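I have placed the structure first, in the form of C-alpha cells, so that the comments after it can refer back to it.
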Amino acid sequence: MEAAAATTAAALLPPARKVFILPLLLLLAASRASSDGVQYDYRAYTECKPHPEPALYNGGVLRWASKITDFRTEDEGNYSPAFVLYNMSAATAYSFSCWVKIDGPESAHVKAKILTVENAASQCVGTAIARNDCWSFLKGGFTLNSTSQTSVLYLQTASPNASTISIRSPSLQPFSPDEWNQHREERIQQIRKRFVNLHVSDGNGSRVVGADVAVHQITRDFPFGSAISKSILGNRPYQDWFNARFNAAVFENELKWYATEPSPGKEEYAAADQLLRFVQSNDVTARGHNIFWEDPRYTPAWVKNLTGPQLRAAVAGRVQSLLSRYKGDFVHWDVSNEMLHFDFYEDRLGGNATADFFSTARRADPLATLFLNDFNVVEACDDLSSSADSYVSRLRQLADDAGVTFEGIGLEGHFAKPNVPYVRAVLDKLGTLRLPVWLTEVDVSAAFDHATQAAYLEDVLREGFAHPAVDGIVLWTAMGANATCYQMCLTDADFTNLPAGDVVDRLLGEWQTKEVLGATDDRGSFNFSAFHGEYRLSVTYLNRTADATFSLPRSDDTKHINIRLPPGPAA
C-alpha cells in the first residue's frame, strides 16, 4: 500500500507549490510555511458530530483546502484522500487534524500516515474511529526522521469494507523546535505554577515597605515518582537516592496476583508490606498496581485452570484479600490492567467481569481512585487496540452497559522513539474526558544507548509535565538485585547517575521553586510566581521577624497572604 502511494505520487507530482486537484482526488499543497507565532491549539473532540467543526489554525498549511467542501475516495480506502507536501523539515513538529466519515460498515478505524517519497518510508501520525452516520475528529502529529523534498500525507481504513473515506476541515500546522518548546514552557507556567501576593503590615495594620522576604519550597504537589521493588529494602544508598528525588512510587511486581498468592490460599504479602512501610515513612504517594492483569501470561498458573464458580470465587477472594489488607493505603488502584489488549477474565466470566471488578473494588476501598491502565496509547500510533478512540470507546461502553464510573486513565508509556506531536494530540483527546490522566510506567527502550534514552526520556517528561490533562508521572525504573532494570536505569550499581538520571535531576530542579528572595514594595507587597506545593516563608524588618507556612494548590486565582510583623521594642 505504501509503495502504491509512493508510485502514484511520483507519477502525478506537479511543480513545487502549485496547487490543484487531480482526477484521483490526490490533493496537493506546499509546506513552506511558518507558524508565524501561532499558539498550539489543545482543542480536541471525542464525540461523533452531525457536522464537522472548522479546521484548527484555519487549516494551517492546508488552508487552501477549506475551499473544497468534501474530499472523497472510491479506491477502497488504500491511500486517498492524500496531500502532497514539499520541503518538509526534520526539525519541525507538525500538528495534523481533520474530520472523517466513512461509507460502508457502521464504524472503522481510519489512519492518517505520512510517506516520504525519497525512501518510501511511512509512519502513522493519527487515528480515529470513523462512523457512517456522523463525523469523527482525527488528531495527531509527527516529525520526520530526515528532511524530505516530497511527502504524501494520506488516509486509509483498517476495514476492507469501508469503500469511501470523506474528510472535512483538514489542518496541518508546523512548529519550529523553539516554538514547540516555548509553548511547553508557557503551559508549565500556566498550569503548574501560581501567582502569590504577599502583603506585610506592622502591628497597627500599616503597610511595611522594604521588608526582606525569603520563600522556600518544602514539598512539591505534582506527583513525580518511580517504580521500586523489594531490592530497595535494606539498601540505604538506594533509599537515600530515591527519597532525595521522588514523591510517588509504584511497586513493580510485589502486589501482582502471582506474587501475593503463588498457590491457592498461600498468601505472601511480606515484601509488599515492607515496601508500603518504606514509602509511608517517607511521605511518598503510592499507586496500587495491579488488582487484575488481563494478559494470561501473567495470570497465576493455578488460576488459569479454574472455570465458572471456582474462578469467580478466586477473583472475589483476590479483591477481598488485597483491598481489605491495604484499604486507604494506596491513592490509586489499577483495577484492570491492559484490558484493551487482553481479555482473560472477560472471556471466562463474561462481559460484565470488568464492571464487577470495579464495583467490588469501589466498595472495598472507597477512598482510592480506580484506574484502567494500558500500553501503546501514547507510544504507538499503529496499535489500533489502544488508540485514544479505542480507550474512550471502551470506557463509554463499560459506563453505558454496566454503569461503571471511571475515575482515572493510566498510560504506561513504554517508548521506543517518541512521536512527541502525536503524544500531545492523544493527551488532548483523552483530556476531553476530564479524568485524571497519569503516565504510569514511563521508560525508553534498552535498544538505544544511554544518551539516546536520556534525550527521548526528556522529551516525554517535558511533554507530560506541560500537558493540562496529566496529573502525575511515574517512571518504570525499579533497580533489581543485580543492578538491572526492565528497560532503563537511572543510575549504575553505585547510584551514580546515568544520563537518564541526570535528566530527571535537571527537570526536578527546573520544576520546583527552591528559593525566592525579595523585598516589599511601596505598597507593602511582594509578588512572585511559584510551583504548586507547600512553602515556608520568613519576613524580616528592623530586627523583627515573622515566619509562616502556606500551601499553594492548583488554581487560576492569585494566592493572597497577609503577614503581620510583631511589635517593635518600646520607645
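Observations on the model:
- Here T520, T540, T496, T558 are screened, and the one residue that is assigned by the TED database to the domain that holds R236, modelled with pLDDT of 95 or more and among the hydroxyl-bearing types (S, T, Y) is T496.
- Some residue of the stretch 213-221 being in contact with a helix residue (DSSP H, G or I) (Cβ under 9 Å, 6 or more places away or on another chain), modelled with pLDDT of 95 or more and surrounded by 15 or more Cβ atoms within 10 Å (Cβ to Cβ): yes
- Long-range neighbours under 6 Å by Cβ, at least six apart or interchain, first residue under 11 Å from C98 (Cα atoms) and assigned to a loop (DSSP other than H, G, I, E, B) within the stretch 46-60, second open to solvent by 60 Å² or more (accessible area, probe 1.4 Å) and modelled with pLDDT under 95: P52/R168
- Test: residue in the stretch 478-494 that is hydrophobic (A, V, I, L, M, F, W, C), crowded, with 16+ Cβ neighbours inside 10 Å, in contact (Cβ under 8 Å) with a residue 12 or more places away in the chain and outside any loop (DSSP other than H, G, I, E, B): no
- Residue list for the stretch 421-457, filter: within 16 Å of V125 (Cα to Cα) and out of contact with any Gly (no Cβ under 6 Å at 6 or more places or on another chain): V423, R424, V426, L427, D428, K429
- Residues in the stretch 127-163 that are β-branched (V, I, T) and part of a strand (DSSP E or B): T127, I129, T150, V152, T157.
- Qualifying positions in the stretch 394-411 - over 21 Å from V444 (Cα atoms), touching a strand residue (DSSP E or B) at 6+ places or on another chain (Cβ under 8 Å) and either crowded, with 18+ Cβ neighbours inside 10 Å or at pLDDT 95 or above (or both): R394, L395, F406, G408
- T513 meets the conditions (1) of a type in the set (S, T, N, Q); (2) farther than 27 Å from F224 by Cβ; (3) open to solvent by less than 20 Å² (accessible area, probe 1.4 Å) in every case but one. The failed one is (2).
- Flag if D329 is at pLDDT 95 or above, closer than 19 Å to A259 by Cα and open to solvent by less than 20 Å² (accessible area, probe 1.4 Å): no
- Meets criteria (of a type in the set (D, E, K, R) and in contact (Cβ under 8 Å) with a residue 60 or more places away in the chain) for R424: yes
- Residue check for F371: open to solvent by less than 50 Å² (accessible area, probe 1.4 Å), assigned to a strand (DSSP E or B), of a type in the set (A, V, I, L, M, F, W, C) and in contact (Cβ under 8 Å) with a residue 60 or more places away in the chain: yes
- Only one of F550, F531 that is surrounded by 12 or more Cβ atoms within 10 Å (Cβ to Cβ), out of contact with any Pro (no Cβ under 6 Å at 6 or more places or on another chain) and farther than 30 Å from A478 by Cα: F550
- Among the residues of the stretch 80-98, those that are at pLDDT 95 or above and assigned to a strand (DSSP E or B) comprise A93, Y94, S95, F96, S97, C98.
- If you go through the stretch 288-332 and keep only what is in contact (Cβ under 8 Å) with a residue 60 or more places away in the chain, touching a Ser or Thr at 6+ places or on another chain (Cβ under 9 Å) and either assigned to a helix (DSSP H, G or I) or not hydrophobic (A, V, I, L, M, F, W, C) (or both), you end up with H289, N290, R318, S321, L322, H332.
- If the condition is being assigned to a loop (DSSP other than H, G, I, E, B) and within 24 Å of the chain's Cα centre (by Cα), then the stretch 344-368 contributes L367, A368.
- Residue satisfying all of: in the stretch 274-287; free of Cβ contacts under 8 Å to residues at least 60 places away in the same chain and surrounded by 14 or more Cβ atoms within 10 Å (Cβ to Cβ); nearest to the chain's Cα centre (by Cα) among these: A286
- Residue within the stretch 421-439 that is touching a Pro at 6+ places or on another chain (Cβ under 8 Å), buried (at least 17 other Cβ atoms within 10 Å of the Cβ) and polar (S, T, N, Q) present: no
- Flag if D471 is open to solvent by 20 Å² or more (accessible area, probe 1.4 Å) and modelled with pLDDT of 95 or more: yes
- For beta carbons closer than 9 Å, sequence separation of 6+ or different chains, a first residue in the stretch 514-534 that is under 20 Å from I191 (Cα atoms) and a second that is of a type in the set (D, E) and open to solvent by 50 Å² or more (accessible area, probe 1.4 Å), the qualifying pairs are N527/D521; F531/D221; H532/D221; G533/D221; E534/D221.
- Selection from the stretch 352-368 of residues that are open to solvent by 50 Å² or more (accessible area, probe 1.4 Å) and not basic (K, R): N352, D356, P366, L367
- Single residue of E407, E412, E379 found to be in contact (Cβ under 8 Å) with a residue 40 or more places away in the chain and not hydroxyl-bearing (S, T, Y): E412
- Condition broken by R523, with the remaining ones in (1) within 31 Å of the chain's Cα centre (by Cα); (2) in a loop (DSSP other than H, G, I, E, B); (3) among the basic types (K, R) satisfied: (1)
- Lone unmet requirement of (1) under 29 Å from the mean Cα position of the chain (by Cα); (2) more than 23 Å from R536 (Cβ to Cβ); (3) surrounded by fewer than 21 Cβ atoms within 10 Å (Cβ to Cβ) for G234: (1)
The values are calculated or read from the model by the stated rules, or taken from the named source; none is laboratory data. All figures in this text were calculated on a predicted structure; none of them were measured in a lab. Because the Cβ atoms are built from the backbone with ideal geometry, glycine has one as well, and the counts that use them run over all protein chains shown. Quick note on the areas: whole protein, heavy atoms, side chains included, nothing else; ligands and nucleic acids left out. Shrake-Rupley method; radii C 1.70, N 1.55, O 1.52, S 1.80 Å.
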